[in-house]
Amino acid sequence: MRKLLPLLLVVLCACTSEPPALAAPRILSITPAEQRSTESQRVTVELDTDPRFLVNYGDKSVQMLEQPVLEIGWQAVKLESYLGHGRFQGTVIPGLGVGRYSIRVTLGDGREATLPDAYEIKDGMGPWLGYWIESIGEQIQDQPFTVIIHVEGTEADSFTGPITINIYRGGERINTLTSGNFSERVLLQEITINESGEDFVVSIQDNDGNSATSNAFTVGKKQKN
């Protein structure tokens, strides 16, 4: 028995050792990188890390744990939507003064990252346009579905389009099409994807370079008759 004690102590020490500390994240980008002082702006922040998720297989739900927070100046913005590949979305409300700001993202576990001189607040005067895409759920291969795109800004009421729509899978573009027309700041665009799998994303851009990206979604295999 005495001979086994050292071995037991080694095993106990190994079992109670703390896990290695996680590396600090990096902010790769924020898009758009500017905003009018009088308007809200939907932004996408890209990190070099992914969040943790709680998966409930019973009701087939997925919940993001430890929601990250974006800080621009004094303003804190919850990044409530996850688009995949380290990309998070949140809305920056009006209130920040005109100027350039560093940004900071804090994860729920306390890790944080900063990106200096990354975001600009411009004067509220002058024309501008921005877009955001409503959440896209799981789709089926070869079955058309509708993507709902909103336009906002000083010229949104008169804007009709068109815009360019790109469809990506795993970061690789698989299709490009030209949209129909906006009506009362909204575009209902029908899309069909002839592939199946995970990590599909819809990205849009107008002729002036204004853009927006959807959440990542899954396309299931076509059902056989």
Rounding to the nearest 20 debye, state how big the charge dipole of the range 117-198 is about its Cα centre with +1 on each Lys and Arg Cβ and -1 on each Asp and Glu Cβ.
-> 180 debye
Nearest 20 debye, what's the magnitude of the dipole of the range 84-225 about its Cα centre given +1 on Lys and Arg Cβ and -1 on Asp and Glu Cβ?
-> 360 debye
Per residue, how much accessible area does the range 81-225 show when a 1.4 Å probe rolls over the protein heavy atoms, in square angstrom?
-> 53 Å²
In the range 174-225, taking the dipole from +1 charges on Lys and Arg beta carbons and -1 charges on Asp and Glu beta carbons about the Cα centre, the listed residue (217, 187, 197) farthest towards the positive end is 197
What is the distance, in nm, between label points placed 7 Å from the Cα along the Cα-to-Cβ direction at residue 208 and at residue 148?
-> 2.5 nm
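Given R₀ = 22 Å, what would the calculated FRET efficiency be for residue 186 paired with residue 75, taking r from the Cβ atoms and rounding to 0.05?
On the way: r = 27 Å, r/R0 = 1.25.
Efficiency, from the Cβ-Cβ distance: 0.20.
The values are calculated or read from the model by the stated rules, or taken from the named source; none is laboratory data. The shown structure was predicted, so the numbers you read here are calculated from the model rather than taken from an experiment. Backbone-built Cβ (ideal geometry, glycine too); neighbour counts: all protein chains shown. Note: areas computed on protein heavy atoms with side chains; ligands, DNA, RNA excluded. Shrake-Rupley method; radii C 1.70, N 1.55, O 1.52, S 1.80 Å.
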